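Okay, structure first, notes after.
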């Protein structure tokens, strides 16, 4: 995939707001809530990574003893993650290293997932590719949906509907489906509602001139 720097900056903003806020409030591991695991860096959820993945992603970025400690909470989610957070909360992840892992590891991995979920995504404009990468990074890559199913698969309706729209390069349609996902979250989840609106807007305005410097290959 080839995404724009603008879209990567948008994702970083969604995840940590800014470098200043990161260094004030997120430089140590946190437990976001719900089914999350202990989270470090720019949205790096250790609960959804294996010990070997944590080792591979952070090797050379922070000290090995710290990596070893982070590996002890790999795969742990929800209330259990909240309980083990104190065992690693003193570890600091500098913003520079957090951003490097985010782009070099997380984004590359999720770009592959996005490409698998949405065939032809690489043919879209860089802003649109980045918006869909943001969506998959936040919601996962599952597009399974049964129209008659009222269970959890119904939450993937719009993810499924985007598939043919990507193939058709229907930017308006893609943006509409991203906005339609807001049905899933109440008004107390304003952050997610804003994220969907921003992703949709980036898709709608993605047909523009790009410099080579602002294109990022993942």
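FYI, it's all coordinate maths here, none of it is from the lab. Just so we're clear, the structure is a prediction, and the values are computed from it rather than from any experiment. Don't worry about glycine lacking a Cβ; one is built from the backbone with ideal geometry, like all the others, and counts go over all protein chains shown.
List of remarks:
- Using the Cβ-Cβ distance between residue 144 and residue 64 with R0 set to 45 Å, the FRET efficiency works out to roughly 0.70.
- Descending semi-axes in Å of the range 28-93, equivalent ellipsoid built from Cα gyration tensor: 17, 12, 10
- Packing rank of 126-133, 137-144, 110-117, where each peptide gets the mean count of other beta carbons within 10 Å, highest leading: 126-133, 110-117, 137-144
- In percent, rounded to a whole number, the relative contact order of the range 28-93 is 44, using alpha-carbon pairs under 8 Å and six or more apart.
- Length gained when the stretch residue 112-residue 209 is fully extended (0.36 nm per residue, less Cα-Cα span): 32.4 nm
- The Cα trace of the chain gives Rg and Dmax of 17.6, 51 Å, the first to one decimal, the second as a whole number.
- For q = 0.26 Å⁻¹, Debye-computed log10 I/I(0) when each Cα of the range 120-193 counts as one equal scatterer: -1.34
- Considering only alpha-carbon pairs that sit under 8 angstrom and 6 or more positions apart, the relative contact order computed for the chain is 24 percent.
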